[in-house]
Amino acid sequence: MERMVLDAKARPPLTKGERNKLRSEDKVLAVIYGRGDDSLPLAVDGRALRQVLSSGGSNVLVDLSVKSRGKKTRQETVMFKDIQRDIIFQDRILHVDFIRISMTDKIEIAVHLNFVGEPAGISDGGVLSLVTREVVVRCLPGDIPEQFDVDISELRIGDSITAETLVLEGEIELITPPETTLAQVLAPMAEEELEPAAEEELEEGEEAAGEEGAEEEASAEEETEEEN
């Protein structure tokens, strides 16, 4: 997996006003933690951060160059643990959690699935259902796949493909249960199955309306008799 480089600056605890000022300068607040070391609050350049995510995605390995307030620089190998975005403006990153990693220790991580081809069952009227969009694997950080390609072109109506069919290279271990369905082609619901159901609902609605009208009519007659 490609490794990206990102600069960061250690920061002290900030007031709300100071945090807002940094964000107005396109700085993103962050924190780094893990591997038994103390957590360290950071600030990173928003533009550089967006470039890293655009090029490598959220599973990218990052060589983080952290400059302390004493102007000393330390190198950290990290990955993204959590990315908080603005609810309305999704391209605006509010906060990032980095987690320290070792290139010699295996980690568990979710990997995106890339579905390839059009199922054969589609031409017969089948409906493709993508059940799972990612799987979890365990491997060394340097062996993390960018994605898994899943060929679904042979699927016909009633067929499915499961996680056990994924091709894992090297020492990558599948953590997601192997029987987990990734995609399937469902049979279309026949029109003759829909129409009787629709007619039955219509008849029930008419009967209910008729009963309600009869009750209202009877109630009106009772009121008339009482007035007389």
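Some observations on this one:
- Scanning the stretch 44-75 for residues being of a type outside the set (Ser, Thr, Tyr) and either at positive phi or open to solvent by 20 Å² or more (accessible area, probe 1.4 Å) (or both) gives a total of 17.
- Test: residue in the stretch 129-137 that is in contact (Cβ under 8 Å) with a residue 12 or more places away in the chain and touching a Gly at 6+ places or on another chain (Cβ under 7 Å): no
- Residue among ILE93, ILE88, ILE107 that alone is without any contact (Cβ under 8 Å) to a residue 12 or more places away in the chain, within 29 Å of VAL135 (Cα to Cα) and among the β-branched types (Val, Ile, Thr): ILE88
- In the stretch 139-166, residue farthest from the chain's Cα centre (by Cα) [restricted to those that are farther than 21 Å from SER129 by Cα and open to solvent by 60 Å² or more (accessible area, probe 1.4 Å)]: ASP143
- Flag for GLN90 being open to solvent by 50 Å² or more (accessible area, probe 1.4 Å), within 30 Å of GLU173 (Cβ to Cβ) and not small (Gly, Ala, Ser): no
- Strands (runs of 3 or more DSSP E) wholly inside the stretch 19-93 that include at least 2 residues being in contact with a Cys (Cβ under 8 Å, 6 or more places away or on another chain), over 23 Å from ILE109 (Cβ atoms) and not basic (Lys, Arg): none
The values are calculated or read from the model by the stated rules, or taken from the named source; none is laboratory data. Values in this document were obtained by computation on a predicted structure and should not be read as measured data. So basically every Cβ, Gly included, is an ideal-geometry build from the backbone, and we count neighbours across all protein chains shown. Side chains included, ligands, DNA and RNA excluded: accessible areas come from the protein's heavy atoms. Shrake-Rupley method; radii C 1.70, N 1.55, O 1.52, S 1.80 Å.
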